[in-house]
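**Q** Following this message is one structure expressed as structure tokens.
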Amino acid sequence: MPRPAGRAAPGAPPCGRRHLAAIRLRLGRRPRALAPPVVTSAPNRPHRVAYSGDRSRLRPQVEMVDGVHRLQENLDSRGNQVARAVPCVKKGTEMKIAPYQYRGAGPTFSSRYLMVPVLAMLPPLDEHTRVLDVGCGKGFWATQLTPFGCSIVGVDPSESGIAIARETTPAARFECMPMVQDLCETLSEEPFDLVLSLEVVEHLYSPREWAASCFAALRLGGTLICSTPYHGYLKNLAICLANRFDRHVQPLRDGGHIKFFSRNTLEQLLHQAGFRDTYFTGAGRARWFWSSMVMSARRPE
């Protein structure tokens with residue numbers, strides 16, 4: 001007499017749902033049908049999708065919403081289906097990264113804790129000093145350096161940021177352009193005495209091109225001051241122990257941070273580009289748990 005479905009023989013490994021479905025077929029019973037998903041929330045907000053039946057047979061379903069969104073489903077940590085409407089592009093079109101949209105003048109969140117260490121690293125500034133701000137955003141740092149009388153040029157791919165920068169700091173020059181290796185030639189400018197690039201490199205696919213571009217934009221003996229979120233052993237361990245990894249790296253966010261540097265990797269990046277005499281300091285939070293790190297480096301004469 002055959003053993004009832006769902007009951008394994010003594011000593012046999014436990015059966016999964018696929019095995020139970022196969023047993024039902026052998027016994028002439030029809031497998032349970034996979035119930036359709038039930039979606040109850042708004043299309044632009046995360047919502048839970050309930051399924052019944054064999055989860056091993058699930059396949060992500062894609063639904064176009066107004067031609068510009070798709071319904072993307074994933075399993076969460078408990079095995080539940082979670083769906084979210086995410087931006088996508090139509091087939092056959094070139095996918096591009098939308099530049100960051102700035103709203104209103106004023107300091108950014110990171111500038112609040114970067115202000116003191118960045119100002120402490122600045123070389124002597126006067127009316128003869130020429131400064132290039134790579135990734136200037138809405139021109140906040142240009143506004144801080146204008147009282148010193150130096151000449152400032154800022155570049156950023158965000159049109160909204162450049163528009164705000166031109167309005168708030170008309171004495172400086174701002175250009176909407178992507179990162180290129182020959183910045184001085186593109187801008188028709190002479191090499192600069194100081195290059196600032198704060199909270200920029202973590203957004204770039206090619207950090208080495210960024211470092212080479214900053215190096216080429218400096219005169220001999222010029223100074224680079226850059227910053228990026230800090231990552232070290234204790235901070236990384238604390239993030240994992242607190243189960244905050246997903247919130248920290250934000251993998252579902254469009255754009256955002258795609259590179260995560262430690263002090264050693266940032267120093268290595270600058271040394272490979274030709275910089276020397278690097279100096280490091282942390283910014284924000286307690287020691288070894290800094291929010292960001294600020295590093296200065298010099299182009300050899």
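The values are calculated or read from the model by the stated rules, or taken from the named source; none is laboratory data. Since we're looking at a predicted model, the values are computed, not measured. Positions of Cβ are backbone-derived with ideal geometry, glycine not excepted, and every protein chain shown enters the neighbour counts. Each accessible area value is taken on the protein alone, full model and side chains, heavy atoms only, with ligands, DNA and RNA left out. Shrake-Rupley method; radii C 1.70, N 1.55, O 1.52, S 1.80 Å.
**Q** Phe192's amide H: which non-local residues (gap 5+, or another chain) put their own amide H closer than 5 Å, with H modeled 1.01 Å from N in plane and none for Pro or chain starts?
**A** Leu218, Arg219
**Q** Rank by packing, highest mean first: peptides 125-132, 266-273, 223-230, with packing defined as the count of other Cβ atoms within 10 Å averaged across residues.
**A** Result, highest mean Cβ count within 10 Å first: 223-230, 266-273, 125-132.
**Q** Using amide H atoms built 1.01 Å from N in the peptide plane, name the residues 5+ places from Thr228, or on other chains, whose amide H lies under 5 Å from its own.
**A** Glu199, Met293
**Q** For Phe174, what residues show an amide H to amide H distance below 5 Å, using hydrogens built from the backbone and excluding near sequence neighbours?
**A** Distant-sequence amide H within range of Phe174: Gly154.
**Q** Averaged per residue, what accessible surface does the stretch 105-238 expose to a 1.4 Å probe, in Å²?
**A** Dividing the accessible area of the stretch 105-238 by its residue count gives 44 Å².
**Q** Please grab the % of Cα pairs in the stretch 251-297 that end up more than 11 Å from each other.
**A** 72 percent
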